Amino acid sequence: MYIDKLITALGKEKVSRSETELFRHSEDESSHEAVEPDIVCFPESNEDIQAILTIAREHKVAVTAYGVGSGLAGQAIPLEKGISINFERMNRVLDFSPEDMTVTVEPGITRLQLNEQINKHGLQFPIDPGADATIGGMVATNASGTTAVRYGSMRDQVLDLEVILADGRIIKTGSRAKKSSSGYHLSGLFTGSEGTLGLITKITLKLHGIPEHIIAARCTFPTVEE
């Protein structure tokens, strides 16, 4: 059985079939019906993910990526059951270059965790979907939010992605260059793909300076027509 193979390949500490974990990974913040996976895996490296995908491919088992479950569209729900991959243990800042205003992170780091580490340098990651979502989840769903008019969506922030494809191959979709006119725009293709094209394992992002002043304005109208 493929579950036994996962336990052998990853070790008992990286998999769970507890009722609590299965239920947690059966839903997100949407109103869609919950579906529990057969097993939840907590990879800590690319090798772990490749092992999971090898077993899933061999047994033709569905794989669903999971961040923190803050999405509103149901993309984290494992409709075909199978394997739910939780990236919470892959949450490191891998490279931070304040002078270039770029950072490379693993997918499990959250928006607030990232900003906590970079704000002291006068920099911020401005995309705010209204929840402390993981950066990997925000890329996978092309998240935007209240700052999108000024900064754009996630697709506008991504410089490079490392992605593991279903067959276990690892690809890079871009570079640290702020602009490139050569080749396919693969970063834009994988951003918003909701895990259907591959599993994102590294993300290089643009950063922005923290503004000196923030001003909010509100307009109210007595009726919809007005």
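The values are calculated or read from the model by the stated rules, or taken from the named source; none is laboratory data. If you're wondering where the values come from, they're calculated on a predicted model, not measured in any experiment. Virtual Cβ from ideal backbone geometry, glycine too; neighbours counted across all protein chains shown. Side chains are part of the model used for accessible areas, which takes the heavy atoms of the whole protein and leaves out ligands, DNA and RNA. Shrake-Rupley method; radii C 1.70, N 1.55, O 1.52, S 1.80 Å.
Residue-normalised convex hull volume from the C-alpha trace of region 1-56: 97 Å³ per residue.
In a Gaussian network model over the chain where Cα atoms closer than 10 Å are linked, find which of M154, M101, M138 has the largest mean-square fluctuation. Top of the fluctuation ranking is M101. In a DSSP loop and with at most 10 other Cβ atoms within 10 Å, the chymotrypsin sites (Phe, Trp or Tyr not before Pro) in region 112-217 are Y184.
Among the trypsin sites (Lys or Arg not before Pro) in region 1-33, those placed in a DSSP loop whose Cβ has at most 15 other Cβ atoms within 10 Å are R17.
At a probe radius of 1.4 angstrom, the accessible area of region 12-71 per residue rounds to 52 square angstrom. The residues packed around N46, meaning those with a beta-carbon under 12 Å from its beta-carbon, carry a net charge of -3 if Lys and Arg are +1 and Asp and Glu are -1. Subtracting the Cα-Cα distance of T220 and E33 from 0.36 nm times their residue separation leaves 63.7 nm of extension gain.
Across region 17-116, the convex hull enclosing all Cα atoms gives 113 Å³ per residue.
Accessible area per residue for region 72-139 is 42 Å², calculated with a 1.4 Å probe on protein heavy atoms, without ligands, DNA or RNA. The apolar share of the surface of region 82-206, taken as the fraction of accessible area on carbon and sulfur atoms (1.4 Å probe, ligands and nucleic acids excluded), comes to 49 percent. Here the contact order of the chain, divided by its residue count and restricted to Cα pairs under 8 Å and six or more residues apart, works out to 17 percent.
According to the calculation over all Cα-Cα pairs in the chain, the P(r) per 10 Å bin from zero is 8, 32, 33, 19, 7, 2, 0 %. Alpha carbon centre of region 74-90 versus region 115-180: separation in Å? Region 74-90 and region 115-180 have Cα centres separated by 20 Å.
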